[in-house]
Amino acid sequence: MTSVEPLAVEHAPIIALSGVAKKYLTPFGEVIAASDVSLTVRPGEMLVLVGASGSGKTTLLNLMAGLVSPDEGDITVAGVDVANASVDRLISLRRNHVSVIFQEYNLVALLTAAENISLPLTVRGVSKAEAAAAADQALAAVGLPQLGDRFPAELSGGQRQRVAIARALALPGEVVLADEPTGSVDTSTARGVMSALHDLRTAGRAVVVATHDPAFREVADRVLTVRDGEVGAMEGVA
């Protein structure tokens, strides 16, 4: 069994996985993406998942976000039984409680950078003026204060990644899940991204990062190694 408990902190867990398993069938055979994983993450904690490509890091993030369903086990995020929730309930979870930073950016091509950030806020009922101000602030936080009026096709890969991060930063959810958030940016920008994510942790959000970037160890509360779907080697950092 893969069971990892966090360092002692004040708050009750906002993310809890218990006995979670997930496998995929491919033309090359069965792939075990998660094997009897149990862990918790609390508000105000940054958990970093490290491991080789294909180790199961992204699958764990997708399970927490309710983007894929476990074959076995229980998952609770922000009070929602993710493993058994309806599609509408999972959409509500991601809209109101969980911000996901995708490795593929997932930006809307017909919207500007600022509009990509403000749209999820207006969907939540935030006024256009407040959403625009939040978008400007988030773009400044990731070092793109002058690029809000550009479309994704007019941005570099690293800039698109930063817009995706800014979108998550602008949302008020209690949980942030980030898949390789520094994978397409230079070292200087990566430092800014790590600082922004750490600021969210300091503000009380639970932050889970899947990454190959060893520099995240400097800002993480815990680092867990993922290998063949198993989680272990807990390392207290903070």
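The values are calculated or read from the model by the stated rules, or taken from the named source; none is laboratory data. This one's a predicted model, so the numbers in the text were calculated from it and none came from an experiment. Counting neighbours? That spans all protein chains shown, and the Cβs are built from the backbone with ideal geometry, glycine included.
Of Ala34, Ala114, which residue is farther than 18 Å from Arg205 by Cβ and either part of a strand (DSSP E or B) or at pLDDT below 95 (or both)?
Criteria check complete, one pass: Ala34.
Which residue pairs have Cβ atoms closer than 8 Å, lie 6 or more positions apart in sequence or on different chains, and pair a first residue in the range 188-205 that is under 13 Å from Val142 (Cα atoms) and touching a residue at least 12 places away in the same chain (Cβ under 8 Å) with a second residue that is assigned to a helix (DSSP H, G or I) and of a type in the set (D, E, K, R)?
Thr189/Arg162; Val193/Arg162; Met194/Glu218
May I ask you to list the residues in the range 139-156 that are in a helix (DSSP H, G or I), touching a residue at least 40 places away in the same chain (Cβ under 8 Å) and surrounded by fewer than 17 Cβ atoms within 10 Å (Cβ to Cβ)?
Ala153
Can you pull out every residue in the range 196-238 that is among the aliphatic types (A, V, I, L, M), at pLDDT below 90 and within 15 Å of the chain's Cα centre (by Cα)?
Selection gives Ala196, Leu197, Leu200.
Over 23 Å from Gly19 (Cα atoms) and surrounded by 15 or more Cβ atoms within 10 Å (Cβ to Cβ): is that true of Arg227 in this structure? Quick ask: steps written out before the conclusion?
Working: over 23 Å from Gly19 (Cα atoms): no; surrounded by 15 or more Cβ atoms within 10 Å (Cβ to Cβ): yes.
Judged against the criteria, Arg227 is not a match.
Could you look through the range 165-195, keep only residues that are part of a helix (DSSP H, G or I) and under 11 Å from the mean Cα position of the chain (by Cα), and pick out the one that is nearest to Ser99 (Cα to Cα)?
Restricting to residues being part of a helix (DSSP H, G or I) and under 11 Å from the mean Cα position of the chain (by Cα), the top hit is Ala168.
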